[in-house]
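What follows is calculated from the coordinates using simple rules that are stated; it is not laboratory data. Given the structure is predicted, the values throughout are model-derived calculations rather than measurements. We place every Cβ from the backbone using ideal geometry, glycine too, and count neighbours over all the protein chains shown.
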Amino acid sequence: MATGQLFSKTTQALFYNYKQLPIQRMLDFDFLCGRETPSVAGIINPGSEGFQKLFFGQEEIAIPVHSAIEAACAAHPTADVFINFASYRSAAASSMAALKQPTIRVVAIIAEGVPESDTKQLIAYAKANNKVVIGPATVGGVQAGAFKIGDTAGTIDNIIQCKLYRPGSVGFVSKSGGMSNELYNTIARVTDGIYEGIAIGGDVFPGSTLSDHVLRFNNIPQVKMIVVLGELGGRDEYSLVEALKQGKINKPVVAWVSGTCATLFKSEVQFGHAGAKSGGEMESAQAKNQALREAGAAVPTSYEAFEGAIKETFEKLVEGGKITPIKEVTPPQIPEDLNIAIKSGKVRAPTHIISTISDDRGEEPTYAGVPMSSIVEQGLGVGDVISLLWFKRSLPRYCTRFIEICIMLCADHGPCVSGAHNTIVTARAGKDLVSSLVSGLLTIGPRFGGAIDDAARYFKDAYDRGLTPYEFVESMKKKGIRVPGIGHRIKRGDNRDKRVELLQLFARTNFPNVKYMEYAVEVETYTLSKSNNLVLNVDGAIGSLFLDLLAGSGMFTKQEIDEIVGIGYLNGLFVLARAIGLIGHTFDQKRLKQPLYRHPWEDVLYTK
């Protein structure tokens, strides 16, 4: 492996298996370091394509998303680092696929639990093709002031505290990602900071070893001293011992192998990492520390003395003129995400939507404050749900039952009415359910099913003003307005609409008062004296009875009733009901596999 620097300020990566937070942390680090371009060139999310919106400083950017590794590498030939956030199940296969791409030079595998046999194959392929594997079970690595992998070094506050926004003079390598964060902080306190830091991962067979990176640091001119944090288990540290003895490393090395406490246990102890288990005296922390000390590394007597050893080595290099103190710079301020700033109370921002009928922020959605589970447990029905979502209150059972009856009675009126006809024609044209449904719903208006609100509005106004049926009808005639809710193309005075009769029977049986309905019946009596088809239709029946429901329930003020009628609540009942029938007609036509509809010539009057 050896060679030198892995990353630079122009390094770009491909990120496998989209994770918003680590990518955003990489981009925030880029901005902190003053990079001109984002370090994440593209995202690979199997099965997905498009773009992901993220922030580069204050600017919102769109990062391309690719469904395959090959496509991403072809689209971003300058991206030579592959950051693999796949699970342990697919990490090996996706990492091998990346290593086989000619553009990929470094692969970082974050997942723990990758099978050792798979890892060995990755290591063999990487060595044979002069490529670098960091991990598995790694947090990644960082080139201070230039590039970092995923969650390396944690939060922006920690990165600033560790002075990772600009390069220092120390090369650092560790098995542990968590301890890397600790050492970045320690090194920043007693030296001019990190130049490059790598966590190789805690598995038994890491893709690259401690000595691999130490030898590489030795070839980087900017690295003046090297800090190594090993751990008990395995024999990786002994390759570093041999390199020191053979004179392959000519820079000061400060090292510590953690796990000295293992001797306090009577039996063998497995520490956090898969590789952190002593397999004998040679693999103990004490033996490794002693071997490193004898090979020439500065090894303290305890971890507590590690910081002092690092400080002493650094100060000697400064005194010897080998390190020139770095002029400190002030990093730019990273804009804080709005949601975080709001939670911390730093800013206030206006909302864009107001909702008073439902809330999905808790353990379960609520309708007008009523938990969904409560609705089910109480055996409530569709009428009760409409009561909560439309009227924001639990109406009495007779009210919700009336709503349900209206929906049932208005669900369909055959295939010949305009709404059903439109839906049928659209369905037969091969359109989808939503298109077919909407084509039928769009016919609802003043001439078809949309007269319920107008009927309620005019009946209420006339009744409240004390107009007689004669005065009401004749005043409408003078204005040139047909009385909404009166008149039917088929039904007559001697052939009443059964739906109207059912609604009237229910209301007379269950409503405390039906004054508006009785007024509508009186108007019907007068209009029938003029023409036998001027009967009270279902729009008029629902409109007048809904007025009685609102007024008679005692749960609505006069202003609320006027608002409900004015907004269009009552037509909403017809829209909701008729949608059921229109969906049925769509399914019917598709089930029957009906061909494209063409209107017959003989049913068209062609004229000049």
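When shorter helices are ignored and each DSSP H run of at least 4 residues is given -39500 (n - 2.57), the per-residue value for the chain at 222 nm works out to -13000 deg cm²/dmol. Applying a threshold of 25 Å to the alpha-carbon distances of Lys245/Lys322; Lys148/Lys327; Lys343/Lys392; Lys175/Lys316; Lys224/Lys311; Lys251/Lys311 flags Lys343/Lys392; Lys175/Lys316 as lying beyond it. Excluding same-chain neighbours fewer than eight residues apart, the lysines reachable from Lys590 by a Cα-Cα span under 28 Å are Lys431. For the cross-link pairs Lys53/Lys131; Lys131/Lys248; Lys478/Lys608; Lys53/Lys163, which exceed 25 Å when the distance is taken from alpha carbon to alpha carbon? Long pairs (Cα-Cα over 25 Å): Lys53/Lys131; Lys478/Lys608; Lys53/Lys163. Structural descriptor for the range 281-396: relative contact order 10 percent, calculated from alpha carbon pairs under 8 angstrom and at least 6 residues apart.
Return the Rg/Rh value of the chain, two decimal places, where both radii are evaluated on C-alpha atoms and Rh is the Kirkwood radius. For the chain, the value is 1.25. On the basis of the beta-carbon distance and an R0 of 25 Å, Glu59 and Glu328 show a calculated FRET efficiency of 0.40. Comparing Asn533, Val483, Pro600 along the charge dipole axis of the range 471-608, the residue lying farthest to the positive side is Pro600, per the Cβ-charge model. Extension gain for Arg293 to Gln161 (0.36 nm times residue separation, less C-alpha to C-alpha distance): 44.4 nm.
Here's the picture: charge each Lys and Arg Cβ at +1 and each Asp and Glu Cβ at -1 in the chain, and of Gly430, His213, Leu549 the one pushed furthest to the positive end of that dipole is Gly430. Counting only DSSP beta bridges whose two residues both lie in the chain, roughly 40 percent are antiparallel. Neighbours of Asn510, meaning other residues whose beta-carbon lies under 10 angstrom from its beta-carbon, give a summed charge of +3 when Lys and Arg score +1 and Asp and Glu score -1.
Using C-alpha pairs under 8 Å with a sequence gap of at least 6, the mean separation divided by the residue count of the range 142-194 gives a relative contact order of 41 percent.
Within straight-line reach of Lys127, meaning a Cα separation under 13 Å, sit the following aspartates and glutamates at least 8 residues removed in sequence or on another chain: Asp212. Dipole size of the range 355-441 about its Cα centre, with +1 on Lys/Arg Cβ and -1 on Asp/Glu Cβ: approximately 340 debye, rounded to the nearest 20. Per-residue packing, averaged as other Cβ atoms within 10 Å, sorts the ranges 595-603, 197-205, 36-44 into the order 197-205, 36-44, 595-603, beginning with the highest.
The Cα center of the range 343-368 and the Cα center of the range 16-78 differ in position by 30 Å. With the simple model of a label 7 Å out from the Cα in the direction of the Cβ, Leu467 to Gln559 spans 2.6 nm. In straight-distance terms, cross-link reach from Lys491 covers every one of the lysines whose alpha-carbon lies under 17 Å from its own, apart from those fewer than eight places away in the same chain; here that gives Lys530. Put a dot 7 Å past the Cα of Asp432, heading toward its Cβ, do the same for Ile481, and the two dots end up 4.1 nm apart. Amide H contacts for Gln52 (H built 1.01 Å from N in the peptide plane; partners 5 or more residues away or on another chain; cut-off under 5 Å): Ile63, Val65.
Computed about the Cα centre, the dipole magnitude for the range 433-561 is approximately 360 debye when only Lys and Arg (+1) and Asp and Glu (-1) carry charge, each at its Cβ. Over all other residues within a Cβ to Cβ distance under 11 Å of Asn129, the charged ones net out to +4, with Lys and Arg as +1 and Asp and Glu as -1. Most tightly packed first, judged by the mean number of other beta-carbon atoms within 10 Å of their residues, the peptides 564-572, 135-143, 440-448 read 135-143, 564-572, 440-448. By the gyration tensor of its Cα atoms, with a ≥ b ≥ c the square roots of the eigenvalues, what is the shape of the range 16-62: rounded for a/c under 1.5, prolate for a/b over b/c, or oblate? Judged from the Cα gyration tensor, the range 16-62 comes out prolate (a/c at least 1.5, a/b above b/c). Across the range 72-148, the mean sequence separation of Cα contacts (distance under 8 Å, 6 or more residues apart), normalised by length, yields a relative contact order of 29 percent.
Beta bridges from DSSP with both residues in the range 1-145: antiparallel share about 30 percent, rounded to the nearest 5. Charge dipole of the chain (Cα centre as origin; +1 on each Lys and Arg Cβ, -1 on each Asp and Glu Cβ, all else neutral): 1340 debye, rounded to the nearest 20. Its Kirkwood hydrodynamic radius, worked out from the mean inverse distance over all distinct Cα pairs, puts the range 157-219 at 12.0 Å.
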